[in-house]
Amino acid sequence: MTTTETGTFDEASLVRRAKQGDSSAYSELVSKYERKVFRLAKNITQNDEDAEDVLQDAFLKAYEHLDDFQEQSKFYTWLVRIAVNEALMRLRKRKTDRTVPLDEPVDTGEETVVREIAVWEDDPEQRYGKTELRGILDESILSLKPAFRTVFQLRDIEELSTEETAELLGLSVPAVKSRLLRARLQLRERLTRFFKRKGDDVFAYL
Amino acid sequence: MLTCKEFLQELSDFLDETVDPGLRNNLEAHITACPNCFVILDTTKRTIQVYKGVDAQPIPEDVHLRLMRAVDRKAAARRQPNAT
Ligand SMILES: [Zn+2]
(Lines give C-alpha, C1' and ligand atoms only; values in the text may rest on other atoms or scores of the structure.)
Protein backbone atom coordinates (compact mmCIF):
# COMPACT_ATOMS: atom_id res chain seq x y z
CA MET A 1 0.00 0.00 0.00
CA THR A 2 1.29 3.41 -0.87
CA THR A 3 0.46 6.45 1.23
CA THR A 4 -1.78 7.88 -1.46
CA GLU A 5 -4.06 4.91 -0.96
CA THR A 6 -4.26 5.34 2.82
CA GLY A 7 -7.79 6.76 2.78
CA THR A 8 -9.38 3.88 0.95
CA PHE A 9 -7.12 1.34 2.61
CA ASP A 10 -8.16 2.50 6.09
CA GLU A 11 -11.80 2.21 5.28
CA ALA A 12 -11.50 -1.22 3.73
CA SER A 13 -9.55 -2.52 6.70
CA LEU A 14 -12.01 -0.98 9.18
CA VAL A 15 -14.87 -2.68 7.38
CA ARG A 16 -12.99 -5.97 7.37
CA ARG A 17 -12.20 -5.71 11.09
CA ALA A 18 -15.79 -4.79 11.87
CA LYS A 19 -17.00 -7.81 9.92
CA GLN A 20 -14.72 -9.99 12.00
CA GLY A 21 -16.40 -8.70 15.15
CA ASP A 22 -14.15 -5.77 16.12
CA SER A 23 -16.72 -3.29 17.42
CA SER A 24 -14.19 -0.49 17.86
CA ALA A 25 -13.58 -0.62 14.11
CA TYR A 26 -17.28 -0.15 13.50
CA SER A 27 -17.38 2.74 15.99
CA GLU A 28 -14.67 4.42 13.94
CA LEU A 29 -16.77 4.12 10.81
CA VAL A 30 -19.71 5.59 12.71
CA SER A 31 -17.64 8.52 13.94
CA LYS A 32 -16.36 9.13 10.45
CA TYR A 33 -19.75 9.28 8.76
CA GLU A 34 -22.26 10.31 11.44
CA ARG A 35 -22.20 13.98 10.40
CA LYS A 36 -22.86 13.23 6.77
CA VAL A 37 -25.62 10.74 7.51
CA PHE A 38 -27.27 13.16 9.93
CA ARG A 39 -27.18 15.97 7.37
CA LEU A 40 -28.62 13.69 4.71
CA ALA A 41 -31.37 12.50 7.07
CA LYS A 42 -32.21 16.03 8.10
CA ASN A 43 -32.40 17.26 4.54
CA ILE A 44 -34.88 14.52 3.70
CA THR A 45 -36.99 14.50 6.85
CA GLN A 46 -36.59 18.22 7.65
CA ASN A 47 -36.81 17.44 11.30
CA ASP A 48 -34.18 16.86 14.02
CA GLU A 49 -36.03 14.09 15.81
CA ASP A 50 -36.65 12.05 12.68
CA ALA A 51 -33.11 12.70 11.55
CA GLU A 52 -31.76 11.26 14.79
CA ASP A 53 -33.94 8.16 14.45
CA VAL A 54 -32.82 7.70 10.85
CA LEU A 55 -29.19 8.13 11.91
CA GLN A 56 -29.46 5.39 14.55
CA ASP A 57 -31.53 3.04 12.45
CA ALA A 58 -29.20 3.38 9.47
CA PHE A 59 -26.05 2.62 11.44
CA LEU A 60 -27.67 -0.26 13.33
CA LYS A 61 -29.10 -1.76 10.18
CA ALA A 62 -25.77 -1.43 8.40
CA TYR A 63 -24.08 -3.16 11.34
CA GLU A 64 -26.63 -5.96 11.25
CA HIS A 65 -26.16 -6.49 7.53
CA LEU A 66 -22.44 -5.89 7.37
CA ASP A 67 -21.87 -9.39 6.06
CA ASP A 68 -23.99 -8.55 3.00
CA PHE A 69 -21.80 -5.59 2.13
CA GLN A 70 -19.78 -6.30 -0.99
CA GLU A 71 -16.34 -4.90 -0.46
CA GLN A 72 -15.78 -3.90 -4.06
CA SER A 73 -18.27 -1.04 -3.62
CA LYS A 74 -17.79 1.93 -1.31
CA PHE A 75 -18.99 1.55 2.25
CA TYR A 76 -20.32 5.09 2.34
CA THR A 77 -22.43 4.63 -0.80
CA TRP A 78 -23.90 1.48 0.70
CA LEU A 79 -24.62 3.34 3.93
CA VAL A 80 -26.29 6.20 2.04
CA ARG A 81 -28.68 3.77 0.38
CA ILE A 82 -29.68 2.37 3.77
CA ALA A 83 -30.08 5.85 5.27
CA VAL A 84 -32.16 7.14 2.35
CA ASN A 85 -34.48 4.14 2.58
CA GLU A 86 -34.89 4.67 6.32
CA ALA A 87 -35.60 8.37 5.81
CA LEU A 88 -38.15 7.72 3.07
CA MET A 89 -39.86 5.10 5.21
CA ARG A 90 -40.15 7.61 8.01
CA LEU A 91 -41.62 10.20 5.67
CA ARG A 92 -44.25 7.73 4.54
CA LYS A 93 -45.10 6.77 8.12
CA ARG A 94 -45.70 10.31 9.25
CA LYS A 95 -49.32 10.55 10.26
CA THR A 96 -50.00 14.21 9.70
CA ASP A 97 -48.09 14.33 6.51
CA ARG A 98 -48.26 17.54 4.60
CA THR A 99 -45.26 16.74 2.46
CA VAL A 100 -45.62 15.59 -1.11
CA PRO A 101 -44.35 12.06 -1.70
CA LEU A 102 -40.99 12.27 -3.38
CA ASP A 103 -41.95 10.02 -6.24
CA GLU A 104 -44.98 12.08 -7.16
CA PRO A 105 -44.69 14.06 -10.40
CA VAL A 106 -43.82 17.69 -9.84
CA ASP A 107 -44.12 20.50 -12.28
CA THR A 108 -40.61 21.08 -13.47
CA GLY A 109 -41.48 22.74 -16.72
CA GLU A 110 -42.61 26.28 -16.86
CA GLU A 111 -41.15 27.78 -13.74
CA THR A 112 -39.01 30.80 -14.45
CA VAL A 113 -35.92 29.69 -12.69
CA VAL A 114 -33.45 32.24 -13.93
CA ARG A 115 -34.27 35.70 -12.72
CA GLU A 116 -31.00 37.13 -11.74
CA ILE A 117 -27.76 36.84 -13.60
CA ALA A 118 -24.83 38.34 -11.78
CA VAL A 119 -21.15 37.58 -11.75
CA TRP A 120 -19.95 36.15 -8.46
CA GLU A 121 -16.95 37.36 -6.54
CA ASP A 122 -13.78 35.44 -7.24
CA ASP A 123 -13.77 33.87 -3.81
CA PRO A 124 -17.17 34.53 -2.25
CA GLU A 125 -16.59 31.95 0.46
CA GLN A 126 -14.01 34.32 1.93
CA ARG A 127 -16.62 36.95 2.65
CA TYR A 128 -18.31 34.70 5.17
CA GLY A 129 -16.99 32.74 8.12
CA LYS A 130 -17.25 28.98 8.05
CA THR A 131 -20.31 28.89 10.29
CA GLU A 132 -22.05 31.65 8.41
CA LEU A 133 -21.35 29.98 5.09
CA ARG A 134 -22.80 26.70 6.36
CA GLY A 135 -25.86 28.61 7.53
CA ILE A 136 -26.34 30.12 4.07
CA LEU A 137 -25.97 26.76 2.37
CA ASP A 138 -28.27 24.93 4.79
CA GLU A 139 -30.94 27.59 4.61
CA SER A 140 -30.78 27.67 0.82
CA ILE A 141 -31.08 23.93 0.39
CA LEU A 142 -33.90 23.69 2.92
CA SER A 143 -35.85 26.28 0.97
CA LEU A 144 -36.07 23.98 -2.06
CA LYS A 145 -39.08 21.79 -2.60
CA PRO A 146 -38.42 18.32 -1.10
CA ALA A 147 -38.61 16.73 -4.55
CA PHE A 148 -35.76 18.94 -5.77
CA ARG A 149 -33.77 19.00 -2.57
CA THR A 150 -33.47 15.22 -2.27
CA VAL A 151 -32.26 14.81 -5.82
CA PHE A 152 -29.63 17.52 -5.36
CA GLN A 153 -28.57 15.96 -2.07
CA LEU A 154 -28.06 12.53 -3.60
CA ARG A 155 -26.54 13.57 -6.92
CA ASP A 156 -24.37 16.53 -6.01
CA ILE A 157 -23.60 16.10 -2.32
CA GLU A 158 -23.51 12.33 -1.88
CA GLU A 159 -22.30 11.90 -5.47
CA LEU A 160 -24.61 9.05 -6.41
CA SER A 161 -25.14 8.41 -10.11
CA THR A 162 -28.32 9.46 -11.90
CA GLU A 163 -29.33 5.81 -12.14
CA GLU A 164 -28.69 5.09 -8.44
CA THR A 165 -30.68 8.18 -7.49
CA ALA A 166 -33.56 7.19 -9.75
CA GLU A 167 -33.67 3.71 -8.29
CA LEU A 168 -33.54 4.86 -4.67
CA LEU A 169 -36.26 7.45 -5.10
CA GLY A 170 -38.46 5.40 -7.40
CA LEU A 171 -38.14 7.93 -10.20
CA SER A 172 -37.34 7.68 -13.88
CA VAL A 173 -33.95 8.86 -15.12
CA PRO A 174 -35.50 11.82 -17.01
CA ALA A 175 -37.37 12.84 -13.84
CA VAL A 176 -34.13 12.82 -11.84
CA LYS A 177 -32.42 14.90 -14.52
CA SER A 178 -35.13 17.49 -14.75
CA ARG A 179 -35.36 17.83 -10.95
CA LEU A 180 -31.61 18.13 -10.67
CA LEU A 181 -31.56 20.93 -13.22
CA ARG A 182 -34.26 22.87 -11.33
CA ALA A 183 -32.55 22.27 -8.01
CA ARG A 184 -29.20 23.49 -9.30
CA LEU A 185 -30.70 26.57 -10.92
CA GLN A 186 -32.76 27.47 -7.86
CA LEU A 187 -29.79 27.10 -5.55
CA ARG A 188 -27.69 29.15 -7.93
CA GLU A 189 -30.30 31.86 -7.78
CA ARG A 190 -30.35 31.87 -3.98
CA LEU A 191 -26.60 31.82 -3.57
CA THR A 192 -26.27 34.66 -6.08
CA ARG A 193 -27.88 36.95 -3.51
CA PHE A 194 -24.99 36.28 -1.17
CA PHE A 195 -22.12 35.78 -3.54
CA LYS A 196 -22.60 38.30 -6.32
CA ARG A 197 -19.91 40.84 -6.94
CA LYS A 198 -20.80 44.03 -5.18
CA GLY A 199 -21.70 46.98 -7.33
CA ASP A 200 -22.49 45.27 -10.58
CA ASP A 201 -26.06 44.17 -10.48
CA VAL A 202 -27.20 42.78 -13.75
CA PHE A 203 -30.76 41.66 -13.95
CA ALA A 204 -31.98 39.63 -16.85
CA TYR A 205 -35.27 38.00 -17.48
CA LEU A 206 -35.28 34.98 -19.66
CA MET B 1 -27.25 28.81 -32.75
CA LEU B 2 -29.11 27.45 -29.73
CA THR B 3 -31.52 29.72 -27.90
CA CYS B 4 -30.86 30.52 -24.23
CA LYS B 5 -33.81 28.36 -23.30
CA GLU B 6 -32.38 25.42 -25.20
CA PHE B 7 -29.03 26.04 -23.58
CA LEU B 8 -30.57 25.98 -20.10
CA GLN B 9 -32.34 22.70 -20.81
CA GLU B 10 -28.96 21.10 -21.46
CA LEU B 11 -27.08 22.88 -18.68
CA SER B 12 -27.09 19.99 -16.21
CA ASP B 13 -25.89 17.41 -18.70
CA PHE B 14 -23.30 19.88 -19.97
CA LEU B 15 -21.96 20.31 -16.41
CA ASP B 16 -21.96 16.54 -15.89
CA GLU B 17 -20.21 16.11 -19.25
CA THR B 18 -22.81 13.65 -20.46
CA VAL B 19 -23.73 15.39 -23.72
CA ASP B 20 -22.54 14.02 -27.02
CA PRO B 21 -19.73 15.88 -28.83
CA GLY B 22 -21.99 17.51 -31.43
CA LEU B 23 -24.26 19.04 -28.86
CA ARG B 24 -21.30 20.00 -26.71
CA ASN B 25 -19.86 22.04 -29.60
CA ASN B 26 -23.16 23.88 -29.94
CA LEU B 27 -23.32 24.55 -26.22
CA GLU B 28 -19.77 25.83 -26.20
CA ALA B 29 -20.54 28.07 -29.17
CA HIS B 30 -23.53 29.44 -27.28
CA ILE B 31 -21.56 30.50 -24.19
CA THR B 32 -18.89 32.07 -26.32
CA ALA B 33 -21.54 34.30 -27.86
CA CYS B 34 -23.88 34.75 -24.88
CA PRO B 35 -22.47 36.35 -21.72
CA ASN B 36 -25.65 35.67 -19.73
CA CYS B 37 -25.48 31.95 -20.25
CA PHE B 38 -21.77 32.01 -19.59
CA VAL B 39 -22.47 33.53 -16.16
CA ILE B 40 -25.28 31.06 -15.48
CA LEU B 41 -23.00 28.16 -16.36
CA ASP B 42 -20.17 29.49 -14.21
CA THR B 43 -22.29 30.26 -11.15
CA THR B 44 -24.17 26.96 -11.37
CA LYS B 45 -20.88 25.10 -11.51
CA ARG B 46 -19.69 27.03 -8.47
CA THR B 47 -22.97 26.36 -6.66
CA ILE B 48 -22.28 22.63 -6.92
CA GLN B 49 -18.65 23.10 -5.91
CA VAL B 50 -19.47 25.12 -2.82
CA TYR B 51 -21.90 22.44 -1.61
CA LYS B 52 -19.40 19.69 -2.26
CA GLY B 53 -16.65 21.63 -0.52
CA VAL B 54 -18.33 22.27 2.81
CA ASP B 55 -18.13 19.57 5.46
CA ALA B 56 -21.24 18.59 7.33
CA GLN B 57 -21.59 20.18 10.76
CA PRO B 58 -20.65 18.11 13.78
CA ILE B 59 -23.75 16.50 15.21
CA PRO B 60 -24.96 17.54 18.68
CA GLU B 61 -23.01 15.83 21.47
CA ASP B 62 -26.09 14.14 22.99
CA VAL B 63 -27.12 12.76 19.58
CA HIS B 64 -23.59 11.40 19.14
CA LEU B 65 -23.61 9.77 22.59
CA ARG B 66 -26.99 8.13 22.09
CA LEU B 67 -25.84 6.78 18.74
CA MET B 68 -22.65 5.37 20.22
CA ARG B 69 -24.57 3.72 23.06
CA ALA B 70 -26.98 2.13 20.58
CA VAL B 71 -24.07 0.82 18.51
CA ASP B 72 -22.39 -0.57 21.65
CA ARG B 73 -25.58 -2.38 22.62
CA LYS B 74 -25.76 -3.86 19.16
CA ALA B 75 -22.14 -4.95 19.39
CA ALA B 76 -22.76 -6.61 22.73
CA ALA B 77 -25.78 -8.43 21.31
CA ARG B 78 -23.64 -9.59 18.41
CA ARG B 79 -21.07 -11.09 20.76
CA GLN B 80 -23.70 -12.85 22.87
CA PRO B 81 -26.59 -13.70 20.58
CA ASN B 82 -28.63 -15.07 23.50
CA ALA B 83 -28.34 -12.01 25.72
CA THR B 84 -31.11 -9.45 25.66
ZN1 LIG C 1 -27.77 32.40 -23.75
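The values are calculated or read from the model by the stated rules, or taken from the named source; none is laboratory data. The structure presented is a predicted model; accordingly, all values stated were derived computationally and were not measured. Because the Cβ atoms are built from the backbone with ideal geometry, glycine has one as well, and the counts that use them run over all protein chains shown. Quick note on the areas: whole protein, heavy atoms, side chains included, nothing else; ligands and nucleic acids left out. Shrake-Rupley method; radii C 1.70, N 1.55, O 1.52, S 1.80 Å.
Among the residues of region B:30-41 satisfying the criterion of being open to solvent by less than 50 Å² (accessible area, probe 1.4 Å) and more than 8 Å from the ligand (Cβ to nearest atom), which is farthest from the other protein chains (Cβ to nearest Cβ)?
It comes out as B:L41.
Out of all the residues in region B:42-51, which are of a type outside the set (S, T, N, Q) and facing chain A (nearest Cβ under 7 Å)? If you could, list the steps in order and put the result at the bottom.
Pass one, region B:42-51, residues of a type outside the set (S, T, N, Q): B:42, B:45-46, B:48, B:50-51.
Of everything in region B:42-51, those that are of a type outside the set (S, T, N, Q) and facing chain A (nearest Cβ under 7 Å) turn out to be B:R46, B:I48, B:V50, B:Y51.
Quick check: is even one residue across region A:169-178 outside any helix (DSSP H, G or I) and under 17 Å from the mean Cα position of the chain (by Cα)?
So the first thing to find is which residues in region A:169-178 are outside any helix (DSSP H, G or I), and the list is A:170-172.
Checking which are under 17 Å from the mean Cα position of the chain (by Cα) leaves us with A:170-171.
Checked against the condition, which is being outside any helix (DSSP H, G or I) and under 17 Å from the mean Cα position of the chain (by Cα), region A:169-178 yields at least one hit.
May I ask you to verify whether B:L27 is within 11 Å of the ligand (Cβ to nearest atom), surrounded by 15 or more Cβ atoms within 10 Å (Cβ to Cβ) and within 23 Å of A:P174 (Cα to Cα)? Break it down into steps so the answer makes sense when it comes.
Values: within 11 Å of the ligand (Cβ to nearest atom): yes; surrounded by 15 or more Cβ atoms within 10 Å (Cβ to Cβ): yes; within 23 Å of A:P174 (Cα to Cα): yes.
So B:L27 fits the description; yes.
Going by the conditions given, is B:I59 at the interface with chain A (Cβ under 9 Å from one of its Cβ atoms), in a helix (DSSP H, G or I) and not hydroxyl-bearing (S, T, Y)? Outline the logic, then answer.
Numbers: at the interface with chain A (Cβ under 9 Å from one of its Cβ atoms): yes; in a helix (DSSP H, G or I): no; not hydroxyl-bearing (S, T, Y): yes.
So B:I59 fails the test.
Can you tell me which residue in region B:3-14 is nearest to the ligand (Cβ to nearest atom), limited to those that are crowded, with 18+ Cβ neighbours inside 10 Å and not charged (D, E, K, R)? Write out each step before concluding.
Within region B:3-14, the first condition is being crowded, with 18+ Cβ neighbours inside 10 Å, and the residues that meet it are B:7-8, B:10-14.
Checking which are not charged (D, E, K, R) leaves us with B:7-8, B:11-12, B:14.
Numbers: B:F7: 5, B:L8: 8, B:L11: 10, B:S12: 15, B:F14: 12 Å.
Within region B:3-14, the match that is nearest to the ligand (Cβ to nearest atom) is B:F7.
Of all the residues that make up region B:15-24, how many are exposed (fewer than 12 other Cβ atoms within 10 Å of the Cβ) and either more than 13 Å from chain A (Cβ to nearest Cβ) or within 12 Å of the ligand (Cβ to nearest atom) (or both)?
If we filter region B:15-24 for residues that are exposed (fewer than 12 other Cβ atoms within 10 Å of the Cβ), which is where we start, we get B:17, B:20-22.
After this cut, where a residue has to be either more than 13 Å from chain A (Cβ to nearest Cβ) or within 12 Å of the ligand (Cβ to nearest atom) (or both) as well, the list is B:20-22.
Count: 3.
Please name all residue pairs, on different chains or six or more residues apart, with Cβ atoms under 6 Å, provided the first residue is in region A:61-88 and is free of Cβ contacts under 8 Å to residues at least 24 places away in the same chain and the second residue is crowded, with 16+ Cβ neighbours inside 10 Å and assigned to a helix (DSSP H, G or I).
Partner pairs satisfying both residue conditions: A:A62/A:L79; A:A62/A:I82.
Based on this model, can you work out whether B:T47 counts as within 25 Å of A:E121 (Cα to Cα) and either in contact with a His (Cβ under 9 Å, 6 or more places away or on another chain) or within 13 Å of the ligand (Cβ to nearest atom) (or both)? First the steps, then the outcome.
Working: within 25 Å of A:E121 (Cα to Cα): yes; either in contact with a His (Cβ under 9 Å, 6 or more places away or on another chain) or within 13 Å of the ligand (Cβ to nearest atom) (or both): no.
No; evaluated as a whole, the condition is false for this residue.
Is one or more of the residues making up region B:59-74 within 16 Å of the ligand (Cβ to nearest atom) and of a type outside the set (S, T, Y)?
We begin by selecting, within region B:59-74, every residue within 16 Å of the ligand (Cβ to nearest atom); these are none.
No, the conditions are met nowhere in region B:59-74.
Which residues, counting only those in region A:36-48, are free of Cβ contacts under 8 Å to residues at least 12 places away in the same chain and more than 10 Å from chain B (Cβ to nearest Cβ)?
The answer is A:N47, and nothing else.
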